[in-house]
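*Asks:* Submitted below is the structure of interest, expressed as structure tokens.
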Amino acid sequence: MKFSRLLLIILFFYKGLAAYAQNIENLKVEYQARPLGIESLSPRLSWEIRSPKRGTTQTFYQILVSDDEKNLAKNIGNVWDSKKIKSGQSRWVTYQGKPLESRKRYYWKVKIWDETGKMSAFSETSWWEMGLLKKEDWSAQWIGMKGTEGKPPKSVELEKTFTLKKRAVRARIYATGLGAYHLIFNGKKVGGDILAPGWTHYLKTMHYQTYEIDPENLTIGSNFITATLGNGWWSSGLGWEGGNHRYSEGPCRMFFQMEMEFYDGSRQTVISDQSWQVRTSPVTSNSIYHGETYDARLEYNKQWKSADLLDDLENATTLFGNDPKVNASEETAKFRMADISLRASPAPQIRVVRELQAVNITEPRKGRYVFDFGQNFSGFVRVSVEGKAGKEIVMKFGELLTDKGLVDQANLRSIRPTDKFILKGYGVEQWEPRFTYHGFRYVEVEGLPSKPDKNTIVAKVIHNPVAETGTFTSSDPLINKIYENIVWSQRSNMQSVPTDCPQRDERLGWMGDAQIFAPTASYIMDMNGFFTKWMRDITDSQHSSGYVYDINPKLLVGGPSKPAWGDAVVIVPWRMYQFYGDKEILRENYEAMKKWVDYMNNHPSTRQNGIYHFESGTDPVMKYGYGDWVPVERSPGKPIGGSYQYFSNRLLATIAGILGKPADATSYSALAEGVKKKYNELYFDKTSGQYEGKTQGANLIPLSLGLTSEADRNKVAGNVVQNVKDHNDHLTTGFISTAMLLPVLSESGHHDLAYKVATQKTYPGWGYMIEKGATSMWELWNSDTEKPEGMNSRNHFAYGSIGEWFYGYLAGIRPDDSGPGFSKFMIAPMPAQGLTHAEATYQTGYGKIRSAWAVAGKEFTLKVSVPFNTSATVIVPSAEGIVKETGKLLVSKGKLTKILVPGVRLLKSEPGRITLQVSGGDYEFVSE
Ligand code: BGC
């Protein structure tokens, strides 16, 4: 006790006396800290600044990069010494050193100078490592086992033994597979990846993974590698039409290269080739949708043979099988493995992120146990049992229970996800599947040798493990529960692509869902790398005539994407720019965005009417696209084409400006204005301030997307408010306009109403779902009363778009487009009647933002953290124009006092609110 106090005192003095005021932390290269196997030849470097002094900003930086850690420790940047650069940029600084080489690890550090010219110490050393950058870096061959093709193909096991004569000091495995591979080296699983290499538009792009193998695990003498191959998204069969759409009927195959370096500098490489042995694996069936069967007795199968080379794709894809229009075209007909470009993924692969134990185990029927994990999520279970050889344990997964307490799979449509484990009969056996995942809360288990306990079946939650960046909590338990459900739906649906849902015969990268949820998603998790990857799936899939598809990577394509869905190609990169300040995602996708927008602008409907109309078929719900999908009250679908055409043109014009393309900026801006004019002529009634349809959605969409003129905005917002009141303070919105409703209410002076709508416990609303036991977001407002057999998921993130309002309005943390990536941002909390406290934190690329407020009597307290090198516009609600900061009177009667408070400037004083500009540091504002 005494000792630690002494230590604190010493530390305090040490800190006080230290020469450097600032610390540089959290070094990142591209999207991650210490990324292994990246491909960018000019990676972008980012760091965060910590300082005890308010308002610290960077004025200069120096970066050192070396390929030798010892050199760097001596401050020698033999690969790049940026020298002292005058710049405040601490994010996305482009590497400008010597050309980067395949395989190499580069060590780096950075120091900065602050606004007073004071220099920081160098940061700690960090690193990144390059992957294999050129085709010639690979000597591996595609191998597998001929004769295992099928619908789906069989799983195979590959094995290779090799001898080492010397002590290794470094080892890497570069690998990929089709559909998915699972690697074991000397008895240990390689990496934590699940279902690697993940899902891409395989016909164009595949990801390979880089694994660092601890040299300790290499033995002088015999070493062995075992690979098991399964179908993954490549050959499982996907889609709601019976799950028949597959890129290939196999066989499954692998591409593998292990590179070792020895103490004397010599090297050895082991590649996949015909020297490997192959046999069918104990995984007797496997598919993403249906589940996996593992017969442990087959581990003793001795039928090895030499691996086959599989350099060509013998079985043409059946991916777009029953869409003859598309099947005949494009890249699907003739295709060779060598045509696929092998790339490193900008996002981490799916992993097990947490384990869950059952909260309840029941036995509704003799010998059939139901495990309830208390949470709807994505993943699988591990079973641990002891029993006789041949004993079969059958596990059925679902989100719901029948009246009898058994697992109900009715809402999974054409699939019945089931895993089976057949025991080999020696000791305690543990098993978990490798080539499937399920969206579920319950598992029904039959065939257990004895009464189970909570350790018999343990659940594993999987998703792409990007960092969770946001936290949100408030004084209202219902709001907190809604938030928790959103987070779970996000986790559940980050499975290599942003999926609509994780459980039924779908699990596809639907564009509309992703674009509408992207802002909320980006508060909760670091989505930049994940969406960068998905944008490549979209652009790889894009049709040559410019349109994009509804689902990406494309599958069951069915022609051009629908309004509000296709526009994700513009909106998602834009959101990434707003949240992360990442210009590269704009640059990389600019041509694709342009093609999509041009497609709409040049569409016959636009040529004829000056505005884009999507029209196809006669189905009244789908005729004009998906409209404001699955609402309580349907809004006209036709105008949505034009509203998103406007929005995409507008965004594209802005993006063109950012990328330095003034001619494009001008022309898309003019096109946007033309659409806007036409839109209002066609759909707006100026007298009543109503858009065609008069529903909440009909008015919200044009209002939020910027089609309504300044003069008409109040009237239109007023109509939305009235409509909400007419529905007894309830929403009637669908996928698209739900995200818009609460922000519009809050901004038009009806924040209390917004809060009321958000917390309604009666139908329809988020509170209603929770009253009915939801642990994640439902797909339908009425999932409980809608028939189960159709489209009725309990784990869709689309209605989770309310999360943006929690962060942006209740807690008030919002991006400011004049400082993308939160280099500038807003903290404008809005207390609502009945809510006494709300708090959000958000980890940006500069550091953590915090906004925590509480109301007690007349006093409003707002605790704020602003990362260094950023500035925030803080709007403090204040009835009487009095604001104190950490005890000092800052504003009195709306005017700045003489007391100077470091880091704070008064920007505006208006009745009811005081606007401040606040620079890096921690603050506590108290207002009256
Ligand atoms: C999916 C959605 C998707 C929609 C398009 C559904 O089947 O689950 O989330 O956006 O179709 O209409």
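*Asks:* Need the full-extension length gain, ALA856 to GLU115, defined as separation in residues times 0.36 nm minus the C-alpha distance. One decimal, nm.
*Replies:* 262.9 nm
*Asks:* Enumerate by residue number the trypsin sites (Lys or Arg not before Pro) in the range 808-881 meeting two conditions: DSSP loop (anything except H, G, I, E, B), and at most 16 other Cβ atoms within 10 Å of the site's Cβ.
*Replies:* Here the sparse-neighbourhood loop sites are LYS858.
*Asks:* Given a cut-off of 20 Å, name the pairs among LYS305/LYS391; LYS70/LYS166; LYS481/LYS761; LYS824/LYS863 whose C-alpha atoms lie farther apart than that in the structure shown.
*Replies:* Where the Cα-Cα span goes over 20 Å, the pairs concerned are LYS305/LYS391; LYS70/LYS166.
*Asks:* Can you give me the distance in nm between label points at LYS451 and ILE85, each placed 7 Å from the Cα along the Cα-to-Cβ direction?
*Replies:* 6.8 nm
*Asks:* Please go through the residue pairs LYS134/LYS204; LYS53/LYS74; LYS118/LYS888 and name each one whose alpha carbons sit more than 18 Å apart in this structure.
*Replies:* LYS53/LYS74; LYS118/LYS888
*Asks:* While we're here: Can you list the aspartates and glutamates whose alpha carbon sits under 20 Å from that of LYS454, skipping same-chain ones fewer than 8 residues off?
*Replies:* GLU355, GLU363, ASP372, GLU386, GLU392, GLU399, ASP419, GLU429, GLU432, GLU444, GLU446
*Asks:* Here's something else I'd like to know. Which parts of the range 744-787 would a label at ASN728 reach, counting a residue when its backbone N lies under 13 Å from a point 7 Å out along Cα-to-Cβ?
*Replies:* 760-765
*Asks:* Let me ask you something else. Using only the Cα atoms of the range 770-881, build the gyration tensor, take square roots of its eigenvalues as a ≥ b ≥ c, and label the shape rounded, prolate or oblate: rounded if a/c is under 1.5, else prolate if a/b is larger than b/c, else oblate.
*Replies:* Judged from the Cα gyration tensor, the range 770-881 comes out oblate (a/c at least 1.5, b/c at or above a/b).
*Asks:* May I pose another question? Ignoring everything except DSSP H segments at least 4 long, calculate the 222 nm mean residue ellipticity for the chain; use -39,500 (n - 2.57) per segment, divide by total residues, nearest 500.
*Replies:* Rounded to the nearest 500, it is -7000 deg cm²/dmol.
*Asks:* When you count, for each residue, the other Cβ atoms within 10 Å and take the mean per peptide, how do 565-577, 286-298 rank with the highest first?
*Replies:* In decreasing order of mean packing, 565-577, 286-298 become 565-577, 286-298.
*Asks:* Does the range 697-750 classify as rounded, prolate or oblate by the C-alpha gyration tensor (a ≥ b ≥ c root eigenvalues; a/c under 1.5 gives rounded; else a/b over b/c gives prolate, otherwise oblate)?
*Replies:* Note, shape of the range 697-750 comes out oblate.
*Asks:* Are there GluC sites (Glu not before Pro) in the range 123-215 that DSSP puts in a loop and that have at most 12 other Cβ atoms within 10 Å, and which ones?
*Replies:* Counting only loop positions with at most 12 other Cβ atoms within 10 Å, the GluC sites (Glu not before Pro) in the range 123-215 are GLU124.
*Asks:* Would you please give the residues with an amide H less than 5 Å from that of LEU178, counting only those at least 5 places away or on a separate chain, with H modeled from the backbone geometry?
*Replies:* ARG253, MET254
*Asks:* Right, next: Just to verify a number: FRET efficiency for THR666 and SER545, C-beta to C-beta distance, R0 = 25 Å, to 0.05?
*Replies:* 0.50
*Asks:* Under 1.5 on a/c is rounded, so check that first for the range 756-835, then, if it is not, pick prolate when a/b is larger than b/c and oblate when it is not; a ≥ b ≥ c are the square roots of the alpha carbon gyration tensor eigenvalues.
*Replies:* Oblate, since a/c reaches 1.5 and b/c is not below a/b.
*Asks:* Among GLN696, TRP629, ALA168, which residue has its Cα positioned farthest towards the positive end of the charge dipole of the chain, with +1 placed on the Cβ of Lys and Arg, -1 on the Cβ of Asp and Glu, and the dipole taken about the Cα centre?
*Replies:* ALA168
*Asks:* Now a separate question. Where nothing but the Cβ of Lys and Arg (+1) and of Asp and Glu (-1) is charged, how large is the charge dipole of the range 482-604 around its Cα centre, in debye to the nearest 20?
*Replies:* For the range 482-604, the charge dipole is close to 100 debye.
*Asks:* How do 256-265, 739-748 rank on mean C-beta neighbours within 10 Å, highest first?
*Replies:* Result, highest mean Cβ count within 10 Å first: 739-748, 256-265.
*Asks:* Additional query: Among SER51, GLY147, SER102, whose Cα lies farthest out toward the positive end of the dipole of the range 38-154, if unit charges sit on the beta carbon of Lys, Arg (+1) and Asp, Glu (-1)?
*Replies:* Projecting each Cα onto the dipole axis, the largest value belongs to SER51.
*Asks:* For the range 615-697, what is the charge dipole size about the Cα centre, in debye to the nearest 20, if Lys and Arg each add +1 at the Cβ and Asp and Glu each add -1 at the Cβ?
*Replies:* In total the dipole reaches around 180 debye.
*Asks:* What list of ³J(HN,Hα) values in whole Hz, one per residue of the range 539-552 in order, does the Karplus curve 6.51 cos²θ - 1.76 cosθ + 1.60 (θ = phi - 60°) give from phi, with Gly and Pro shown as x?
*Replies:* Along the range 539-552, the couplings run 6, 4, 8, 4, 6, 4, 7, x, 7, 10, 9, 5, 10, 9 Hz.
*Asks:* Under unit Cβ charges (Lys, Arg +1; Asp, Glu -1), what dipole magnitude, rounded to 20 debye, does the chain have relative to its Cα centre?
*Replies:* Dipole size: approximately 2100 debye.
*Asks:* Here's another thing I want to ask about it. Please give the FRET efficiency for ARG365 paired with LYS302, using the beta carbon to beta carbon distance and R0 = 35 Å, rounded to the nearest 0.05.
*Replies:* The value I calculate is 0.30.
*Asks:* Which of the aspartates and glutamates could a cross-linker bridge to LYS160, judged by Cα under 15 Å and excluding same-chain residues fewer than eight apart?
*Replies:* Within the straight-line limit of under 15 Å, LYS160 reaches these aspartates and glutamates: GLU259, ASP273, ASP308.
*Asks:* What is the projected area of the convex hull of the Cα atoms of the range 669-801, averaged over all directions, in nm²?
*Replies:* Here the figure is 9.1 nm², rounded to one decimal.
*Asks:* I would also like to ask the following. Just order 619-632, 232-245 by mean Cβ neighbour count inside 10 Å, highest at the front, would you?
*Replies:* The most tightly packed comes first, giving 232-245, 619-632.
*Asks:* Through the Karplus equation 6.51 cos²θ - 1.76 cosθ + 1.60, θ set to phi - 60°, convert the phi angles of the range 421-437 into ³J(HN,Hα) values in whole Hz; use x for Gly and Pro.
*Replies:* Karplus-based 3J(HN,Hα) across the range 421-437 equals 10, 10, 6, 8, x, 10, x, 6, 10, 10, 8, 9, x, 10, 10, 8, 8 Hz.
*Asks:* Right, here's the next one. Whole percent per 10 Å bin, from 0 to the bin with the longest distance: what is P(r) over all C-alpha pairs of the chain?
*Replies:* Going out from 0 Å in 10 Å bins, the chain shows 2, 11, 19, 24, 21, 14, 7, 1, 0 percent.
*Asks:* Taking +1 at the Cβ of each Lys and Arg and -1 at the Cβ of each Asp and Glu, which of ASN217, VAL79, MET826 sits farthest along the dipole of the chain towards its positive end, judged by Cα position relative to the Cα centre?
*Replies:* It is VAL79, whose Cα lies furthest towards the positive end.
Any read-out appearing in this document is the output of simple, stated calculations on the displayed coordinates, not a laboratory observation. None of these values were measured; they are calculated from a predicted model. Don't worry about glycine lacking a Cβ; one is built from the backbone with ideal geometry, like all the others, and counts go over all protein chains shown.
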